[in-house]
Amino acid sequence: MSYLYLVGAIMFEIFGTTCMKLSEGFTRTLPSIFIFIFYGISFAMLTLALKRLDLSLAYAIWAGLGTACITVIGIWYFNEPNSAFKMLSLALIIIGVVGLNLSNGGH
């Protein structure tokens, strides 16, 4: 169940971060409101996940996969520039998260 909370926390963090871009510096009301709602839900779900998961593992997964997903959304949806170095860096983030998970016994 803790991993389901963690997946939810990642999803809502992605929604919140995407709303940051859509808010255009807090000039658009609805996305600005959603930033706080989505991040509130994300932190609540992360807190629930931490009841059973190690902090170092859960936070690395939350931050790493959130960053990776936001990078993909930025490139794909917001037409941000892409490069081989950016893709290599993204792969290293994912490798790091997998490595942390494996070093923790894979649970």
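The values are calculated or read from the model by the stated rules, or taken from the named source; none is laboratory data. What you see is a predicted model; the values in this text were computed from it and never measured. Here the Cβ is made from the backbone with ideal geometry for all residues, glycine too, and neighbour counts use every protein chain on show.
Checking Ala63 against (1) at pLDDT below 95; (2) farther than 19 Å from Ile93 by Cβ, which test does it fail?
Checking Ala63 against (1) at pLDDT below 95; (2) farther than 19 Å from Ile93 by Cβ, the one that fails is (2).
Name the single residue, out of those in region 60-79 being crowded, with 17+ Cβ neighbours inside 10 Å and hydroxyl-bearing (Ser, Thr, Tyr), that is farthest from Val7 (Cα to Cα).
Top of the filtered list is Thr71.
Looking for whichever is modelled with pLDDT of 95 or more, over 11 Å from Leu6 (Cα atoms), in contact with a helix residue (DSSP H, G or I) (Cβ under 6 Å, 6 or more places away or on another chain) and polar (S, T, N, Q) here; the options are Asn82, Asn104. Which one fits?
It is Asn82.
Yes or no, residue by residue, for (1) among the charged types (D, E, K, R); (2) within 13 Å of the chain's Cα centre (by Cα); (3) surrounded by 13 or more Cβ atoms within 10 Å (Cβ to Cβ):
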{"position": "Ala9", "(1), (2), (3)": "no, yes, yes"}
{"position": "Phe15", "(1), (2), (3)": "no, yes, yes"}
{"position": "Ser23", "(1), (2), (3)": "no, no, yes"}
{"position": "Phe26", "(1), (2), (3)": "no, no, no"}
{"position": "Leu48", "(1), (2), (3)": "no, no, yes"}
{"position": "Arg52", "(1), (2), (3)": "yes, no, yes"}
{"position": "Ala58", "(1), (2), (3)": "no, yes, yes"}
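When the residues of region 31-45 are narrowed to those that are among the hydrophobic types (A, V, I, L, M, F, W, C) and in contact with a Phe, Trp or Tyr (Cβ under 6 Å, 6 or more places away or on another chain), which ends up surrounded by the fewest Cβ atoms within 10 Å (Cβ to Cβ)?
My answer is Ile41.
Does any residue of region 21-34 turn out to be at pLDDT 95 or above and under 23 Å from Val98 (Cβ atoms)?
So far as region 21-34 goes, no, none of its residues is at pLDDT 95 or above and under 23 Å from Val98 (Cβ atoms).
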